[in-house]
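Student: Would you mind keeping the following structure in view while I ask a few things?
Here, each number is a calculation from the coordinates, and none is a lab measurement. All of these numbers come straight from a predicted model, not from anything done at the bench. For neighbour counting, all protein chains shown are included, and Cβ atoms are generated from backbone atoms with ideal geometry for every residue, glycine included.
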Protein chains: 4
Amino acid sequence: MPQMKAAIFVEPGRIVLEQKPVPDVGPMDALVRITTTTICGTDVHILKGEYPVARGLTVGHEPVGVIEKLGSAVQGYAEGQRVIAGAICPSGHSHASLCGFHSQDGAGTRHGWKPLGGWRFGNTIDGCQAEYVLVPDAMVNLAPVPDGLTDEEVLMCPDIMSTGFAGAERAGIKIGDTVAVFAQGPIGLCATAGAKLCGATTVIGVDTVQARMEASRRMGADITVDFKAGDPVDQIMRITDGRGVDVAIEALGTQATFEACLRVLRPGGTLSSLGVYSSDLKIPLGPFAAGLGDHTIVTSLCPGGKERMRRLLNVVASHRVDLRPMVTHRFKLDDIEAAYDLFSHQRDGVLKVAITP
Amino acid sequence: MPQMKAAIFVEPGRIVLEQKPVPDVGPMDALVRITTTTICGTDVHILKGEYPVARGLTVGHEPVGVIEKLGSAVQGYAEGQRVIAGAICPSGHSHASLCGFHSQDGAGTRHGWKPLGGWRFGNTIDGCQAEYVLVPDAMVNLAPVPDGLTDEEVLMCPDIMSTGFAGAERAGIKIGDTVAVFAQGPIGLCATAGAKLCGATTVIGVDTVQARMEASRRMGADITVDFKAGDPVDQIMRITDGRGVDVAIEALGTQATFEACLRVLRPGGTLSSLGVYSSDLKIPLGPFAAGLGDHTIVTSLCPGGKERMRRLLNVVASHRVDLRPMVTHRFKLDDIEAAYDLFSHQRDGVLKVAITP
Amino acid sequence: MPQMKAAIFVEPGRIVLEQKPVPDVGPMDALVRITTTTICGTDVHILKGEYPVARGLTVGHEPVGVIEKLGSAVQGYAEGQRVIAGAICPSGHSHASLCGFHSQDGAGTRHGWKPLGGWRFGNTIDGCQAEYVLVPDAMVNLAPVPDGLTDEEVLMCPDIMSTGFAGAERAGIKIGDTVAVFAQGPIGLCATAGAKLCGATTVIGVDTVQARMEASRRMGADITVDFKAGDPVDQIMRITDGRGVDVAIEALGTQATFEACLRVLRPGGTLSSLGVYSSDLKIPLGPFAAGLGDHTIVTSLCPGGKERMRRLLNVVASHRVDLRPMVTHRFKLDDIEAAYDLFSHQRDGVLKVAITP
Amino acid sequence: MPQMKAAIFVEPGRIVLEQKPVPDVGPMDALVRITTTTICGTDVHILKGEYPVARGLTVGHEPVGVIEKLGSAVQGYAEGQRVIAGAICPSGHSHASLCGFHSQDGAGTRHGWKPLGGWRFGNTIDGCQAEYVLVPDAMVNLAPVPDGLTDEEVLMCPDIMSTGFAGAERAGIKIGDTVAVFAQGPIGLCATAGAKLCGATTVIGVDTVQARMEASRRMGADITVDFKAGDPVDQIMRITDGRGVDVAIEALGTQATFEACLRVLRPGGTLSSLGVYSSDLKIPLGPFAAGLGDHTIVTSLCPGGKERMRRLLNVVASHRVDLRPMVTHRFKLDDIEAAYDLFSHQRDGVLKVAITP
């Protein structure tokens, strides 16, 4: 039984590199040899034990690689082909999938819906911080990488870019909109890029770290607001001449940013939430107009599936957005524990790390 | 100066009938002689001082009447014509109005948006619990009543029906949806009717008052749930075989019903909120899937304007919905203080009262 | 090798009942024993040679039956279960399917789109006018029939009802809309029912056959227009007081009805086309406002997949619409040639026939 | 009675500069002193007598200017303020306007809808190729020009930019879409810019004039197709690897381009038509998939109103798109007849002319 290296969750505080068998390939699966992957904020939640996964599970959900072996029933791909798969791997056949809610895929449940059900890599099945990953429902999930794009150029497609853009898309941004994005970490930066890509003409990025505010402007922000330089709500209301924004995107997952989003939102506006919250949220009565403000609040989990990946690869290939500067650090898979250490402590201005087996 | 009777707000606890001058008619206005009006839950908030209005203001925002006099610039109407106007009277020219958010009409503000700005009758200008009401921006707001419809048949159009239906419409209900409506007061009943009208095939009405649950079934509920017969969340999850509902409509304005809506919602579902809340709301982390459930929360304030009224009058005229049974009590304008007393204490199974000058 | 009876296309003018082997069941398939099926207008096009299919192909695409045997990889179903499948059987994994355009499923093509690609039964694979049918991608396509519903009650779900309703849904019908449906054959009748189900308050059914006009009123038409009693365009413009309709649904597939739809459409309205045309169409300049009328024209092919079927079964189970009267004639499979003779000549007031093996 | 110069339509072939009285200002109007205007393709249709207007009417519908005098009932503006108004001037109070279809404004009709009714300047009322123009419903239509923007920078907002962008917006372009734009005249160029602004990642501009193809790439086209270098349908199908485009925008108004749009459209795609056609259109059966391709065809007339103008001004102010290079020639109002001569004959590579009184 061939073996491979894989980063596995052992217990809160410990993700370690170990040997595991290379997985068997079922009829609908594909085995992908990882060439580059990365670490996500969610992986840090797993590391810390804040999001529980099974002991021994391989973590990681952002695969770039090469098809090593195709399942017997998989058609339309070739071994040796360069591919990515989304962080979310829908089945294609659940009721949720057939409604377009691939992330809430309920395959295996009686009624076909399961919260976060589409997120399988590094959650309910082995992930991709390893030499190989088994991609389920391969015909739904594998997206060929166009020639000429490097691994690092496409490394953000599986999760960060898909999530950040979804924040803009689900908000229904229209040409001429004013949009505020709270927090300019990797997802917030992609939301900023996505807002511009959807036609927003005043994009306001909120953060305080200098490097992130610069990145924000490079990714499409027209204005950046430093939340330590004064209440960001006041600053944004001043920028918008008292009107507020059409869309506010939450990209951190805290009460403060969620609430600030609502406070800068004009009546009839949309709060698009991307953050992963860790406690109950409060909706303040006043900014919510006591429920009479015609507001919309939408939440989004990273969209997946090969059609989503194809579209994001188009964005990269057309140079609409350049996400390469987001890769600030590079590690060998053998050094992944050091990568976790750097990334989880947000040292050295890290945005994203590239991991190569 | 001709005088008229009008129900005016004096101080918390006191709405009284007094004499006031019949208003002057500006170029864009219409003076309407009220033939029937009603009392809304919002008026009770005003009565109790929970929603502040100016001392001396005529209350009421649900007018059915006859055009007494048209402003010099108003075209397309005739004096003597039977009309209604919505509770919400948009200007037609604010940025909010031009975006279709008539209820958040910011006419007069620099940027054109104002929370609840379209609600003028009995809020920022004199309302219609009086012998006459002055309708502003008459060409935007007056809707002729088709011959053959009685005042009571159309009395719910200006507010209750428009609001309740909006709960269903803004939720994007689709053919085959399962919808739960929490609370079966006048607005909840209209939301129930609206959900069925939009194609929902399992409409679940939640209340505990026997008469309201019967009304719920008459208005379109397939199933009613008595929240005193067990946790309504459990009951609904059982009815839906663990799946939850596609859309949950909140029609009361409390933490308990808001939260129950979220708890019965499938991932990717929509919580459509109609209630007027009186304190901060809490979003519980679990049912909110920590922000990753692809949920949508929408709030709606009663849509207004003559086109909205025309559509609702079509609903009445086509007998799609019969709201006459909602009028449970009738009063002369002279007895409006007694009407407030009955309605504000929800005595005698009252749903809605008809007031005729 | 077990044999079964099947209605096969031999040559233009000849569909005959013959013996064929019962098909083998692949890993993703399900073999369904047909208990009831029907003949569609499209089958008549095939019979006449107007739509070419392979010689020897089993025709028919509206299956009601019982699962006889499940493929090795199929989960979530049981042998012996009563099911239907849609006329359209998407793969779930093509780019078209993942975009929600299941009917244009391009599984097997390089880019994932193929016109009409989702229509497989009786078109590119053997259909269901037979004792057994093999359902491909069973987990995407099989929908369990709720207990208590008869075969005839659900017989319209796979095609007629899904198509007719789509005419209303794709048009974005809103509460209070006025809708005209041109032709009240089986699909037009379902479009009429669908328009009402979506909230239209004035539904106008156009035909001339007395029985169909009566059926139209039973299915939800408020008014019927006999196109032999005067130009139907004039009649509808009179009914709508010169305004025209918000939505016009074409349910026949001719230049005359397509053009009439455009002529009764208000500016900004939607023409929803369901017909199968047999020659180029002409868009007349005037009614099209020279291209400046903000019109929308949408075409729809019958939506399929198990989630679509589930929703339509909900409609039937909730008694929102009763399609049983559409079954006007019944035949044994052994007599299917006689059924084709009756149906293709539209004799004896036939709407739909039920065929039982 | 003060006089002004105005370009008036005399008879087919003759638009001449004459003296006319400066108009009186009604209560809802504003008199605007024109500082810059331009000539539209539609004006050439009027010149040629292809689109009939009243003899003596002042032509032109793209005003940039300064408020000279406000009507007595107009609030929120100041005399001396720099403004633009859209080519389309909605009333704000017709049923069409209240539905958001401002271009089909039926103010004055019984039912509230009129094809092209929102187009008043130079069509049903005096236009702006003059020293002054009277803007009706001023509070609906006047948009202040931000300081720092020149007349020429905002000159395209009233018509060309609003129309071209609408071609992209109404098509529902999504991130990652492939879009073809047929004809790269002023409107096609704006549609190209609009498609990119909405998130399309492969924008294909079709023309043959070298300067227009260069302009196309500057405005956002990723690829240009010269229709004289081979059948553009074949070229586009090759570029898209046989898949076709998600959206095809028609920006010329001919059968050839309309039909080419349909031929390059994938199933389920949208044909967005902007052209003004001069004869009946033919829909070819094959590319239309006999009506079963789930296609959408939308037409758009230039959106107007102050909110639309505000959004377009945002686009200019944020430098998302730079339309200044579209002004290729400049004329004094006194020389407008020469400007018409140049523009109508499309001499000297003219795209748009700036006219200054």
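Student: Quick one: the Cα spread of the range D:171-299 along its three principal axes, in angstroms, biggest first?
Tutor: Over the range D:171-299, Cα extents along the principal axes are 38, 33, 26 Å.
Student: Considering the options A:Ala7, A:His61, A:Gly76, tell which one lies farthest towards the positive end of the dipole of the range A:1-98, charges being +1 on Lys and Arg and -1 on Asp and Glu at the Cβ, about the Cα centre.
Tutor: Farthest towards the positive pole: A:Ala7.
Student: In a shell of Cβ-Cβ distance under 14 Å around A:Ala171, excluding A:Ala171 itself, what net charge do Lys and Arg (+1) and Asp and Glu (-1) give?
Tutor: Numbers: positive: A:Arg170, A:Lys174, A:Lys196, A:Arg266, D:Lys174; negative: A:Glu169, A:Asp177, A:Asp246, A:Glu250, B:Asp294.
Once all neighbours under 14 Å are counted, the net charge is 0.
Student: Once you order the gyration tensor axes a ≥ b ≥ c over the Cα atoms, which shape class does the range D:32-154 get: rounded for a/c under 1.5, otherwise prolate or oblate by comparing a/b with b/c?
Tutor: oblate
Student: For the range A:8-60 and the range C:321-339, compute the distance between their C-alpha centroids and round to whole Å.
Tutor: Each part's Cα centre sits 57 Å from the other's.
Student: Relative to the longest principal axis of chain A, what angle (0 to 90°, nearest 10) does the C-alpha long axis of helix A:186-197 take?
Tutor: Around 70 degrees separate the two axes.
Student: When the dipole is taken about the Cα centre of the protein assembly as shown, and only Lys, Arg (+1) and Asp, Glu (-1) are charged at their Cβ, what size is it in debye, to the nearest 20?
Tutor: Details: 132 positive and 156 negative charges, 1 e Å.
That gives the protein assembly as shown a dipole magnitude of about 0 debye.
Student: Run the simple label-point estimate for D:Leu149 and C:Ala54 please: 7 Å along Cα→C-beta, distance reported in nm.
Tutor: Placing both labels 7 Å along Cα→Cβ, they lie 6.1 nm apart.
Student: Something else: Please tell me the relative contact order of chain B in percent, rounded to the nearest whole number, where contacts are Cα pairs under 8 Å and at least six residues apart.
Tutor: Answer for chain B is 17 percent.
Student: With each label point set 7 Å from Cα along the Cα-Cβ vector, what nm distance links D:Gln75 and C:Gln19?
Tutor: It is 9.0 nm.
Student: Order these by the 10 Å Cβ neighbour count, fewest first: C:Val233, C:Val179. Provide the component values of the computation, followed by the final result.
Tutor: Numbers: C:Val233 20, C:Val179 32.
In increasing order of surrounding Cβ atoms, one gets C:Val233, C:Val179.
Student: What dipole magnitude, in Debye to the nearest 20, does chain A give about its Cα centre under +1 on Lys/Arg Cβ and -1 on Asp/Glu Cβ?
Tutor: Roughly 420 debye, rounded to the nearest 20.
Student: Regarding the range D:92-180, what whole-number volume in Å³ per residue does the convex hull of its Cα atoms give? Intermediate results must be reported in sequence, preceding the final value.
Tutor: On the way: hull volume 14.1 nm³, N = 89.
Per residue, the Cα convex hull of the range D:92-180 comes to 158 Å³.
Student: Right, next: Please tell me which of these pairs span more than 19 angstrom C-alpha to C-alpha: B:Lys5/B:Lys332; B:Lys228/B:Lys352; B:Lys174/C:Lys196?
Tutor: Details: B:Lys5/B:Lys332 12 Å; B:Lys228/B:Lys352 24 Å; B:Lys174/C:Lys196 13 Å.
Violating the 19 Å limit, Cα to Cα: B:Lys228/B:Lys352.
Student: Sticking with this structure for a sec: Can you tally the net charge around A:His61? Count Lys and Arg as +1, Asp and Glu as -1, for every other residue whose Cβ sits under 12 Å from the Cβ of A:His61. Working shown, then result.
Tutor: Numbers: positive: A:Arg120; negative: A:Asp43, A:Glu62, A:Asp126, A:Asp159.
Neighbour charge sum, excluding A:His61 itself: -3.
Student: Okay, next question. Where does chain B land at 222 nm, in deg cm²/dmol rounded to the nearest 500, when only DSSP H runs of n ≥ 4 count, each adding -39500 (n - 2.57), divided by all residues? Show your work: numbers first, answer last.
Tutor: Values: 11 runs with 88 residues, N = 357.
Computed mean residue ellipticity for chain B: -6500 deg cm²/dmol.
Student: Give, as a single signed number, the net charge of other residues whose beta carbon lies under 12 Å from the beta carbon of C:Gly220, with Lys and Arg counted +1 and Asp and Glu -1.
Tutor: Working: positive: B:Arg320, C:Lys196, C:Arg217, C:Arg218, C:Arg320; negative: C:Asp222, C:Asp322.
Local charge sum for C:Gly220: +3.
Student: Moving to a separate point now. Please check: in the Gaussian network model of chain D (C-alpha springs, under 10 Å), which one of D:Gly117, D:Gly185, D:Gly76 has the largest mean-square fluctuation.
Tutor: D:Gly76
Student: Suppose we take every Cα in chain A and form the convex hull; what volume per residue is that in Å³? Please list the in-between numbers first.
Tutor: On the way: hull volume 48.1 nm³, N = 357.
In chain A, the Cα hull volume divided by residue count equals 135 Å³.
Student: Work out the FRET efficiency for A:Arg217 and D:Gln210 from their Cβ-Cβ distance, taking R0 = 35 Å, and round it to the nearest 0.05. Don't skip to the answer; put the middle values down first.
Tutor: Details: r = 36 Å, r/R0 = 1.03.
The calculated FRET efficiency here is 0.45.
Student: Would you mind ranking A:Ile173, D:Ile223, C:Ile239 by Cβ crowding within 10 Å, fewest neighbours first? Don't skip to the answer; put the middle values down first.
Tutor: Working: A:Ile173 27, D:Ile223 16, C:Ile239 19.
Ordered from fewest to most neighbouring Cβ atoms within 10 Å, A:Ile173, D:Ile223, C:Ile239 come out as D:Ile223, C:Ile239, A:Ile173.
Student: Tell me the angle of helix D:210-219 to the major Cα principal axis of chain D, expressed in degrees between 0 and 90 and rounded to the nearest ten.
Tutor: It works out to around 80 degrees.
Student: Sort C:Met28, B:Met309, C:Met4, B:Met1 so the one with the fewest other Cβ atoms within 10 Å of its own Cβ comes first.
Tutor: Values: C:Met28 22, B:Met309 26, C:Met4 19, B:Met1 6.
Listing C:Met28, B:Met309, C:Met4, B:Met1 from fewest to most nearby Cβ atoms yields B:Met1, C:Met4, C:Met28, B:Met309.
Student: Between B:Lys174, B:Lys282, B:Lys69, find the one with the highest GNM mean-square fluctuation for chain B; connect C-alpha pairs within less than 10 Å.
Tutor: B:Lys282
Student: Per 0.36 nm of contour for each residue apart, how much would the distance between B:Glu11 and B:Arg238 grow if the chain were fully extended, relative to their Cα-Cα spacing? Can you show the working numbers first?
Tutor: Working: separation 227, 0.36 × 227 = 81.72 nm, distance 4.78 nm.
Gain on extension, B:Glu11 to B:Arg238, equals 76.9 nm.
Student: What whole number of Å gives the distance from the Cα centroid of the range B:182-203 to the Cα centroid of the range C:264-311?
Tutor: 30 Å
Student: Build a GNM of chain C with springs between Cα atoms under 10 Å: which of C:Ala289, C:Ala30, C:Ala143 gets the top mean-square fluctuation?
Tutor: C:Ala289
Student: Run through every distinct alpha carbon pair of the range B:11-99 and return the Kirkwood hydrodynamic radius in angstroms, one decimal place.
Tutor: On the way: mean 1/r = 0.0661 Å⁻¹.
Value: 15.1 Å, from the Cα pair sum.
Student: What are the distances, in nm and sorted shortest first, from the label point of C:Pro2 to the label points of the same position in each other copy, with each label point placed 7 Å from Cα along the Cα-to-Cβ direction?
Tutor: Output for C:Pro2: 4.2, 8.7, 9.4 nm, nearest copy listed first.
Student: For Cα pairs less than 8 Å apart in space and 6+ apart in sequence, what is the mean separation divided by the residue count of the range B:250-357, i.e. the relative contact order in percent? Mind showing how you got there, number by number?
Tutor: Numbers: 106 pairs, mean separation 21.6, N = 108.
Relative contact order of the range B:250-357: 20 percent.
Student: Let me ask something else. Along the principal axes of its C-alpha atoms, what lengths does the protein assembly as shown span, in descending order and rounded to whole Å?
Tutor: 96, 66, 65
Student: A further question on this structure: Between B:His319 and A:Asp341, what is the label-point separation in nm under the 7 Å Cα-to-beta-carbon projection?
Tutor: 8.0 nm
Student: Can you tell me the dipole magnitude for the range C:132-193 around its Cα centre, using point charges on the Cβ only (Lys, Arg +1; Asp, Glu -1), in Debye to the nearest 20?
Tutor: Details: 2 positive and 8 negative charges, 69 e Å.
In total the dipole reaches around 340 debye.
Student: What angle, in degrees between 0 and 90 and rounded to the nearest 10, separates the Cα long axis of helix D:255-264 from the longest principal axis of the Cα atoms of chain D?
Tutor: 50 degrees
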